[in-house]
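One structure is given here, and the rest of the page talks about it.
The values are calculated or read from the model by the stated rules, or taken from the named source; none is laboratory data. Quick caveat, the model's predicted, so the values are computed rather than measured. Counting neighbours? That spans all protein chains shown, and the Cβs are built from the backbone with ideal geometry, glycine included.
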């Protein structure tokens, strides 16, 4: 997959922005970035779209700024000249797609049926936009399209929000979801940057669905671990399950057979996607112990420890 699209996949969300005042572009993306979403799809629905992209690219070069609603080669050229790192179009325009391919610009054209996806696949594209997602039949149709096109991935946009975001992103063929709910027009009009930051973080947390998985308890010996696990089993009714390095009392308590990670033990947090969680937490200033990571067969992280302890506990993320 193209590196830019890979980065978008690791974030999982693409705010769709209609901006009428280019002076608001930089504070807007800084608000999104602060909330954990360093991505912006600036739509070519207003006269200042190219100028807004230029300001973002100059002031925040690490933000993945792209151009949306691109319907002509001229718009694509203007967007790229302004600093757009990718192009998104509402429909499949062969001329726009070809220009982007010829100029090594990532392009995700809008597709809503098998004919569009077929043409996109023949032109060598790996990712397309599924638009308008809900109006075109939603996740049911998208899954049906994935059958004959197993190598194609999607960015659905249109009718997606906090209530259905999780169900879309649970489908592995979806690399990210786009939407305008993260940048409401009234907040943009009123320069409510704190409000936009809060919405961005809320969207990320909704996507990740962070939950306490279990608490890990260190032991000086295997005999001590057995005793501890049996006590928790008696307290909670959870059955004791013996493993190679630890015992579980139910699902809530993992008792290590040795002095494991953390002064006081460890805490496991489950997330829907470990790679996306790592990307988010890094944006918030956290660091990770990369040597602790384990991976699934598709190369995605399924487990990793944070670098620092919290309250004497080591903390790790694990795929839900």
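For segment 198-208, state whether one or more residues are farther than 26 Å from residue 43 by Cα, touching a residue at least 12 places away in the same chain (Cβ under 8 Å) and crowded, with 17+ Cβ neighbours inside 10 Å.
Checking segment 198-208: at least one residue is farther than 26 Å from residue 43 by Cα, touching a residue at least 12 places away in the same chain (Cβ under 8 Å) and crowded, with 17+ Cβ neighbours inside 10 Å.
Read through the list (1) free of Cβ contacts under 8 Å to residues at least 40 places away in the same chain; (2) farther than 21 Å from residue 28 by Cα; (3) within 19 Å of the chain's Cα centre (by Cα); (4) crowded, with 17+ Cβ neighbours inside 10 Å, then give the number of the only condition that residue 127 fails.
Just one mismatch for residue 127, condition (1).
Assess whether residue 232 counts as being assigned by TED's automatic domain parsing to the domain that holds residue 314, farther than 19 Å from residue 320 by Cβ and free of Cβ contacts under 8 Å to residues at least 24 places away in the same chain.
yes
Quick check on segment 244-251. Is at least one of its residues at negative phi and at pLDDT below 95?
yes
For a quick check of your reading: which helices (runs of 4 or more DSSP H) sit entirely within segment 106-175 and have at least 1 residues that are modelled with pLDDT of 95 or more, in contact with a helix residue (DSSP H, G or I) (Cβ under 7 Å, 6 or more places away or on another chain) and closer than 25 Å to residue 205 by Cα?
Per the criteria, 138-146, 165-169.
Quick check on my filter: what residues within segment 265-286 are assigned to a loop (DSSP other than H, G, I, E, B) and either without any contact (Cβ under 8 Å) to a residue 12 or more places away in the chain or in contact with a helix residue (DSSP H, G or I) (Cβ under 8 Å, 6 or more places away or on another chain) (or both)?
272, 273, 285
I'm trying to understand the selection: among the residues of segment 176-206, which are part of a loop (DSSP other than H, G, I, E, B) and more than 18 Å from residue 277 (Cα to Cα)?
180, 181, 182, 183, 184, 190, 191, 192
Just to be sure before I move on: is residue 262 surrounded by 16 or more Cβ atoms within 10 Å (Cβ to Cβ), not assigned by TED's automatic domain parsing to the domain that holds residue 62 and not in a strand (DSSP E or B) in the structure I sent?
In short, yes.
Counting only residues that are within 22 Å of residue 1 (Cβ to Cβ) and either in contact with a helix residue (DSSP H, G or I) (Cβ under 8 Å, 6 or more places away or on another chain) or surrounded by 15 or more Cβ atoms within 10 Å (Cβ to Cβ) (or both), how many does segment 287-320 have?
Selection size over segment 287-320: 6.
Any residue that is touching a residue at least 12 places away in the same chain (Cβ under 8 Å), in a helix (DSSP H, G or I) and not assigned by TED's automatic domain parsing to the domain that holds residue 8 - is there at least one of those in segment 302-318?
No - not one qualifying residue is present in segment 302-318.
Determine which single condition residue 219 fails, assuming it passes every other condition in (1) exposed (fewer than 15 other Cβ atoms within 10 Å of the Cβ); (2) touching a helix residue (DSSP H, G or I) at 6+ places or on another chain (Cβ under 9 Å); (3) part of a loop (DSSP other than H, G, I, E, B).
Checking residue 219 against (1) exposed (fewer than 15 other Cβ atoms within 10 Å of the Cβ); (2) touching a helix residue (DSSP H, G or I) at 6+ places or on another chain (Cβ under 9 Å); (3) part of a loop (DSSP other than H, G, I, E, B), the one that fails is (1).
If I go through segment 10-24 residue by residue, how many of them are more than 16 Å from residue 42 (Cα to Cα) and buried (at least 21 other Cβ atoms within 10 Å of the Cβ)?
2
Give the residues of segment 222-258 that are surrounded by fewer than 13 Cβ atoms within 10 Å (Cβ to Cβ) and under 29 Å from the mean Cα position of the chain (by Cα), sorted by residue number.
251
List the residue pairs whose Cβ atoms are under 6 Å apart, where the first residue sits in segment 143-156 and is in the same structural domain as residue 175 (by TED's automatic domain parsing), the second is part of a loop (DSSP other than H, G, I, E, B) and surrounded by fewer than 19 Cβ atoms within 10 Å (Cβ to Cβ), and the two are 6 or more positions apart or on different chains.
From residues that are in the same structural domain as residue 175 (by TED's automatic domain parsing), the pairs are 146/173; 153/173; 154/173.
Go through 26, 39 for me and flag whichever is at pLDDT 95 or above and under 26 Å from residue 169 (Cβ atoms).
39
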